[in-house]
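Q: First, the structure itself, so that you have it in front of you.
The values are calculated or read from the model by the stated rules, or taken from the named source; none is laboratory data. Keep in mind the model is a prediction, meaning the values are calculated, not measured. Positions of Cβ are generated from backbone atoms using ideal geometry, with glycine treated the same way; all protein chains shown enter the neighbour counts. Quick note on the areas: whole protein, heavy atoms, side chains included, nothing else; ligands and nucleic acids left out. Shrake-Rupley method; radii C 1.70, N 1.55, O 1.52, S 1.80 Å.
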Amino acid sequence: MAFTNNVMIVRHGLLAKLVKLWKENRLLEEIDRLPIELSPRKSKVIGRCCVHKERAVWKYKTLPLLGFDMQDEVDELTPLSEYAKQALLRSENKKENLMCVVDEACSSCVQVNYEITNLCRGCVARSCYMNCPKDAIRFKKNGQAEIDHDTCISCGKCHQNCPYHAIVYIPIPCEEVCPVKAISKDEYGVEHIDESKCIYCGKCVNACPFGAIFEISQVFDILQRLRNKEPMVAIVAPSILAQFAAPVEKVYGAIKSLGFLEVVEVAQGAMETTRHEAEELKEKLAEGQPFMTTSCCPSYIQLAEKHIPDLKKYISTTGSPMYYTARIVKEKYPDAKIVFVGPCVAKRKEVKMDPCVDFTLTFEEIGSVLTGMDIKVEEAQPFSVLFNAVREAHGFAQTGGVINAVKVYLKEDQVANLNTIQVANLTKKNVALLRAYAKTGKAPGQFIEVMACEGGCVTGPCVHGDRAAGQKQLLKELTKY
């Protein structure tokens, strides 16, 4: 499946290279040379000032892939091999933050959001100057205005008042897509993620054109345990159907060949979620509650917890498919570590809060691990899961999937007058919509499905490859159930 941009290629290639070194037992010996190998002295660097800057970026992008962030560096002379050694020897990664910004890579975005172009006519009205609350407008000798960026606070008043539209708004991509204003520049001009506000939707990860935003990976925590023959079970999200251009049995076979004791579909737990959600919906509506929302999306749950607490009383108390699947697995394999495999950043937060799940692997990481281990999915030995879930359970991967599953579960007379709403994509606009529902206690439907990602989990921030192609493949795969 094709990658959608070069940032994904760089991220995939770097992790695959690290996994390859780990597989060949060369990680500790060769990781220090990796930045030099990736950016040799004579190489042409695009978008960086010099090859040395590029090497620094490689070094610091490696840290989150090893399970660290920039705050873990207390001495700049500490080599990567020391961090790799710690990653392979640690018994537990106790880091609380799920994401980080690689400061060396976050250095090219504008400091303020407004700039005056040469369309400025140097007019007498000087509306930009008259309306600036911080006296940040200066004038050149030819009368054209310019912005003093040390004083500007990016309020946009000059942009709004310029009669010639000569002042342009320049968005900062990560800040622009964040629906809850959880990311902003610090005093050094580097973006900082405020995890007290972050809902882990992951939109910033792929919005950053420089690939400066990373998750704190658990790849080597998992690989090292698999090497040590610790019993581990992979529970795989329904959207796996859209990730690889191969039959799902081969995908499961490739994952199991990494050393997992068992591979289980999270769609199995989705059937339990459907049953509980449907019964709870009937109960809530019978009690007179005006509407109920789904509870599957962990990013949405974080949104309610941190930003719209009035909405919590309308959210289903039903567990997510991962929740039920983990308990099914624990009953069969009580001593095994459970690894959730999916397309989501926010699932890392849910995993931290669930005592039955131990680690998270994203589809993007799985793709890199398989490449690094030289495992070709199309050539893998097929593996059939012990329990095959119904089509509706696999449909949780796409927008409308939960609504459809609940409707199928309920009898026809129970859904005849049931109005449903899909809120797919937690944008600023949709967050405001949900806030209005919570404040008024009114919504144009009784059952609301909320997903952080447009199109549902199949278009999550950590998918393996092109999202549009993935959606088409999912629909194709669903016809087999």
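Q: Name the residue that is surrounded by the most Cβ atoms within 10 Å (Cβ to Cβ), counting only residues in region 416-432 that are closer than 27 Å to Pro309 by Cα and out of contact with any strand residue (DSSP E or B) (no Cβ under 7 Å at 6 or more places or on another chain).
A: At the first step, the residues of region 416-432 found to be closer than 27 Å to Pro309 by Cα are 418-432.
Right, trim to out of contact with any strand residue (DSSP E or B) (no Cβ under 7 Å at 6 or more places or on another chain) and you get 419, 425-429, 431-432.
Values: Asn419: 12, Asn425: 19, Leu426: 24, Thr427: 16, Lys428: 13, Lys429: 9, Val431: 18, Ala432: 11.
So the residue we want is Leu426.
Q: Under the condition of being small (Gly, Ala, Ser) and modelled with pLDDT of 90 or more, which residue from region 456-477 is farthest from the chain's Cα centre (by Cα)?
A: Across region 456-477, the extreme among qualifying residues is Gly456.
Q: Does Ala304 satisfy the condition of being open to solvent by less than 10 Å² (accessible area, probe 1.4 Å) and either farther than 23 Å from Val233 by Cβ or in a strand (DSSP E or B) (or both)?
A: Yes.
Q: Looking at region 266-275, can you tell me whether even one residue there is of a type in the set (Asp, Glu) and open to solvent by less than 20 Å² (accessible area, probe 1.4 Å)?
A: No: region 266-275 contains no residue that is of a type in the set (Asp, Glu) and open to solvent by less than 20 Å² (accessible area, probe 1.4 Å).
Q: Kindly indicate whether Glu176 is open to solvent by 50 Å² or more (accessible area, probe 1.4 Å), without any contact (Cβ under 8 Å) to a residue 40 or more places away in the chain and under 24 Å from Gly455 (Cβ atoms).
A: On the way: open to solvent by 50 Å² or more (accessible area, probe 1.4 Å): yes; without any contact (Cβ under 8 Å) to a residue 40 or more places away in the chain: yes; under 24 Å from Gly455 (Cβ atoms): yes.
The answer is yes for Glu176.
Q: If you check Ala182 against the conditions, is it under 30 Å from Ala432 (Cβ atoms), of a type in the set (Gly, Ala, Ser) and at pLDDT below 95?
A: Criteria not met by Ala182.
Q: Could you figure out which of (1) touching a helix residue (DSSP H, G or I) at 6+ places or on another chain (Cβ under 8 Å); (2) at pLDDT below 95 isn't true of Ile328?
A: Every condition holds for Ile328 apart from (2).
Q: Moving on to the next point. Can you say whether Val345 is open to solvent by less than 10 Å² (accessible area, probe 1.4 Å), modelled with pLDDT of 95 or more and aliphatic (A, V, I, L, M), as far as the supplied structure shows?
A: yes
Q: Would it be correct to say that Thr78 is in a loop (DSSP other than H, G, I, E, B), open to solvent by less than 90 Å² (accessible area, probe 1.4 Å) and either in contact with a strand residue (DSSP E or B) (Cβ under 8 Å, 6 or more places away or on another chain) or among the hydroxyl-bearing types (Ser, Thr, Tyr) (or both)?
A: Criteria met by Thr78.
Q: If you go through region 179-214 one residue at a time, how many are over 12 Å from Leu303 (Cβ atoms), under 12 Å from the mean Cα position of the chain (by Cα) and either in contact (Cβ under 8 Å) with a residue 60 or more places away in the chain or crowded, with 23+ Cβ neighbours inside 10 Å (or both)?
A: Count: 7.
Quick grid of which residues meet (1) outside any helix (DSSP H, G or I); (2) under 30 Å from Glu191 (Cα atoms); (3) not aliphatic (A, V, I, L, M):
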| position | (1), (2), (3) |
| --- | --- |
| Arg225 | no, no, yes |
| Ile235 | yes, no, no |
| Leu241 | no, no, no |
| Phe244 | yes, no, yes |
| Tyr252 | no, no, yes |
| Val264 | yes, no, no |
| Ala270 | no, no, no |
| Glu277 | no, no, yes |
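Q: Scanning region 33-57 for residues that are in a loop (DSSP other than H, G, I, E, B) and aliphatic (A, V, I, L, M), which turns out least open to solvent (accessible area, probe 1.4 Å)?
A: Ranking the candidates gives Val45 first.
Residues checked against (1) in a helix (DSSP H, G or I); (2) of a type in the set (A, V, I, L, M):
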site: Tyr129; (1), (2): yes, no
site: His149; (1), (2): no, no
site: Cys155; (1), (2): no, no
site: Val168; (1), (2): no, yes
site: His192; (1), (2): no, no
site: Ser196; (1), (2): no, no
site: Ile199; (1), (2): no, yes
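Q: Same structure, new question: Mind listing whichever residues of region 458-481 are in contact (Cβ under 8 Å) with a residue 24 or more places away in the chain, over 22 Å from Val205 (Cβ atoms) and outside any helix (DSSP H, G or I)?
A: Passing the criteria: only Tyr481.
Q: Go through region 99-154 and report how many residues are open to solvent by 50 Å² or more (accessible area, probe 1.4 Å) and more than 30 Å from Ser217 (Cα to Cα).
A: Residues meeting the conditions: 22.
Q: Can you find, within region 60-74, the residue that is nearest to the chain's Cα centre (by Cα) among those that are surrounded by fewer than 20 Cβ atoms within 10 Å (Cβ to Cβ) and not in a loop (DSSP other than H, G, I, E, B)?
A: Restricting to residues being surrounded by fewer than 20 Cβ atoms within 10 Å (Cβ to Cβ) and not in a loop (DSSP other than H, G, I, E, B), the top hit is Met70.
Q: While we're here: Within region 333-348, track down each residue that is over 25 Å from Phe244 (Cα atoms) and either in contact with a helix residue (DSSP H, G or I) (Cβ under 6 Å, 6 or more places away or on another chain) or of a type in the set (Phe, Trp, Tyr) (or both).
A: Correct list: Tyr333 only.
Q: Go through region 225-254 residue by residue and tally those that are over 22 Å from the mean Cα position of the chain (by Cα), at pLDDT 95 or above and surrounded by 20 or more Cβ atoms within 10 Å (Cβ to Cβ).
A: The total comes to 5.
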